[in-house]
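To start, the structure itself, in structure tokens.
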Number of protein chains: 2
Amino acid sequence: MSDTGGASPAAPPFGDRLAAAVAARESQVVLGIDPDTTKLWPDAVEAMAESRERLVHALADAERSTGLVGGPNRDIRLQAAAAVLAHCLALVDAAGPACVAVKPQLAHFERLGFAGLLALEATVAHARAQDLLVIADAKRGDIASTATAYAQAWLGDVPTPFGRTTGLHADAMTLNPLLGADALEPFAAMARERGAGLFVLVRTSNPGAADLFDLELADGGPLWERLARLVAVTGTPGPESGLAEICAVTGATEPEHLARMRELMPHTVFLLPGIGAQGGSVEALAPAFAPGRAGGLVSASRSIADAHAAAGGPPGEAARAEAERLRAQAWAL
Amino acid sequence: MSDTGGASPAAPPFGDRLAAAVAARESQVVLGIDPDTTKLWPDAVEAMAESRERLVHALADAERSTGLVGGPNRDIRLQAAAAVLAHCLALVDAAGPACVAVKPQLAHFERLGFAGLLALEATVAHARAQDLLVIADAKRGDIASTATAYAQAWLGDVPTPFGRTTGLHADAMTLNPLLGADALEPFAAMARERGAGLFVLVRTSNPGAADLFDLELADGGPLWERLARLVAVTGTPGPESGLAEICAVTGATEPEHLARMRELMPHTVFLLPGIGAQGGSVEALAPAFAPGRAGGLVSASRSIADAHAAAGGPPGEAARAEAERLRAQAWAL
């Protein structure tokens, strides 16, 4: 993690930063990083074996002298985190060149506790060093005092008795809006201050999303339209790109909704999950790109990391090919 | 963190475990642990100074030998995490005896990165050693594959190439239901397997909660009633207590809703935040306790940790008195 990378007080608004990055890299692809501890790339994990052992020994020393570091599964968690990190670095090296951003899914790091957070921080630093934007897939949402702490954790700085320290300094994060506008405000204030982006859930791509997002409201329209209006009024279009810092997660498995979403959110960047593993297709996404190429980001995770299962060959080569295929396909729309 | 503490495959259903704990401790109070790095208890932090220095040095050695541990603000984050831990241990020691559970708010630990997770794990181990239940205030919610990872992180075990390891093994966690029933299912399966509980947001206590939770649906009733029905059908009452493992977060600042909530969720444990700092009052909560004392848990955070600001005296003594006052008040209802 770099002090100077990522969103910062001097940074332009997120929409402008994103549009510039999409143009420079000729890519709208977001590399989802969801490391499955049962499906890590074997070559990458093996290459990390020696430093993994060094790490475990060093941390065991630290625990003996302090009593603070660890717990009963410390060594397994550290070894697993080092393996996850090795996998993530190889994935970023392979697929990153075809992408504009990475989107680490925090759950897959959190489940290794403190060791997983170390792997996350090192993965983010590696992606940033390759000029990739970082979108923390957190889906956080809480009352205002807690929201402030989450915004510090993933986008900003943290005041402590020992001086200010940095959170992850992601360029953007995903949010769950269920708690209402006042719960979004601490995140929005932080995003404006630091040139960061917020991707608010408007309609997700899972089968059960219909349970709540599609509920019809008494005064007309489904719940997701209400969320879309909230996103539209909260964001401010960037002066160069016309794209706002408040963005939307818009499930690609319901492409018939995209035209309506664009109507409700003319200045909003859409993050389109559901390509590949979740069954969406790139061609149906054209309305997303109406405000320009950066208006629609195409996210893919398992379809890239697991590409070798279908394509054969080394995982890195298959991932590189699949990411480039997706990049060219979206860029041509 | 203990391997044997917390929810486990041999544990009875959560509702029964909770009812037994409430009876044994004669308390329905949940101690919210939301450590504010700008308002830590000075005495507790000072007492930790020496071990804090040892920790920083040990981890610096670990970073030198591996290159993995740290980042530019490592020392500040470690010192802050050690101070947060000292504060949390003192808070649990002071207020814990009047409580049945602790509820660490994950945001306040996450914002110190890997160091904050270490403090969280040590805080949880300390609470568990004092027979307090642990409710991870996570408000997570995501598509099924990610939900499985979050359930592993906070309630269960994690498969790795190096063997299984444990997550936090909390007794329960809070969830955001916006993504629908299929996104809750991996959590529910884990909860049933391990005797854990899930506290699903039905109506929160922040001012903006009305924005979405109170929206009237086309087929009648507000959104929160739909969430209440989802909670009621997903849970199974425990054979001894009649209380289900799927519980509800029900904002105490809207007490006029509680009778209706109890009607819709007759077997559900209500977690009632909003006492104290958020403006609720204990007397208005009586309907929550209809299925028995464990049917309503009273959560308090800042009103206990910051009690010395109003009451004067050492923070620990003020916290102990405020927690006991709240315990006696709720128990008498």
**Teacher prompt: A:ASP93 distances to equivalent labels in other copies, 7 Å Cα→Cβ, nm** = 4.9
**Message:** Need one number: nm distance between label points at A:ALA11 and A:ALA189, each 7 Å from Cα along Cα→Cβ, rounded to one decimal.
**Reply:** 1.9
**CD proxy at 222 nm, helix term only [per DSSP H run n ≥ 4: -39500 (n - 2.57); per residue of the protein assembly as shown; nearest 500]** = -14000 deg cm²/dmol
**Asked** Which order, highest average first, do A:112-125, A:160-173 follow once you tally other Cβ atoms within 10 Å for each residue and take the mean per peptide?
**Response** A:112-125, A:160-173
**Message:** Given contacts defined as C-alpha pairs under 8 Å and at least six residues apart, what's the relative contact order of segment A:124-175, whole-number percent?
**Reply:** 41
**Message:** Can you give me the angle between helix B:74-95 and the longest principal axis of chain B, using Cα atoms only, in degrees from 0 to 90, rounded to the nearest 10?
**Reply:** 50
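Please report, in whole Å³, the volume per residue of the convex hull around the C-alpha atoms of segment A:78-207.
Working: hull volume 17.3 nm³, N = 130.
That works out to 133 Å³ per residue.
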**Message:** Using a label point 7 Å beyond Cα on the Cα-Cβ vector, give me the inter-copy distances for B:GLY242 in nanometres, one decimal, shortest first.
**Reply:** 6.3
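Percent antiparallel among DSSP beta bridges with both residues in chain A, to the nearest 5? Could you put the intermediate results ahead of the total?
Numbers: 6 of 34 bridges.
Antiparallel bridges make up about 20 percent of those DSSP assigns within chain A.
Under the Kirkwood approximation for Rh and a Cα-based Rg, what ratio Rg/Rh is obtained for chain B?
On the way: Rg = 19.8 Å, Rh = 20.3 Å.
Here the Rg-to-Rh quotient is 0.97.
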**Item:** Helix A:14-25 axis, angle to chain A major axis (alpha carbon atoms, nearest 10°)
**Value:** 70
**For the protein assembly as shown, with +1 on Lys and Arg beta carbons and -1 on Asp and Glu, the positive-most of B:ALA86, A:THR236, B:MET261 along the dipole** = B:ALA86
**Request:** Please list, or write none, the lysines whose alpha carbon is within less than 25 Å of the alpha carbon of A:LYS103, excluding same-chain residues fewer than 8 places away.
**Result:** A:LYS39, A:LYS139, B:LYS139
**Complete:** Between B:GLU46 and A:LYS39, the FRET efficiency computed from the C-beta separation at R0 = 56 Å comes out, to the nearest 0.05, as 0.75
**Table column - 3J(HN,Hα) (Hz), segment A:244-250, Karplus curve with 6.51, -1.76, 1.60, x for Gly and Pro** = 7, 7, 8, 10, 9, 8, 10
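Looking at segment B:73-190 only, what percent of DSSP beta bridges run antiparallel? Nearest 5 please. Can you show the working numbers first?
Numbers: 2 of 8 bridges.
Once the DSSP bridges in segment B:73-190 are tallied, antiparallel ones form about 25 percent.
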**Fill in**
Sorting from shortest, the nanometre distances separating the label point of B:ALA284 (7 Å past Cα along the line to Cβ) from those of the same residue in the other copies are 4.6
**Complete:** Plugging the Cβ-Cβ distance of A:ARG164 and B:ARG325 into 1/(1 + (r/R0)^6) at R0 = 60 Å yields, to the nearest 0.05, a FRET efficiency of 0.95
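With only alpha-carbon pairs counted, each pair once and no self-pairs, how large is the Kirkwood hydrodynamic radius of the protein assembly as shown in angstroms? If you can, show how the numbers build up before the last one.
Values: mean 1/r = 0.0403 Å⁻¹.
Evaluated over the protein assembly as shown, this radius sits at 24.8 Å.
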**Message:** What do you get for the angle between helix A:223-234 and the principal long axis of chain A? Use alpha-carbon atoms, 0 to 90 degrees, nearest ten.
**Reply:** 80
**Request:** Report the net charge of residues surrounding B:ARG302, where surrounding means a beta-carbon distance below 14 angstrom and charges are Lys +1, Arg +1, Asp -1, Glu -1.
**Result:** -3
**Asked** Could you give the distance between the Cα centres of segment B:119-144 and segment B:71-99, to the whole Å?
**Response** 14
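Could you compute the FRET efficiency for A:LEU333 and A:GLU263, with r as their C-beta to C-beta distance and R0 at 22 Å, rounded to 0.05? Show your work: numbers first, answer last.
Working: r = 19 Å, r/R0 = 0.86.
It comes to 0.70.
Each reported figure results from applying straightforward, stated rules to the coordinates on display, with no laboratory input. Please read all numbers here as calculations on a predicted model, not as lab measurements. Every residue, glycine among them, receives a Cβ derived from its backbone with ideal geometry; neighbour counts consider all protein chains shown.
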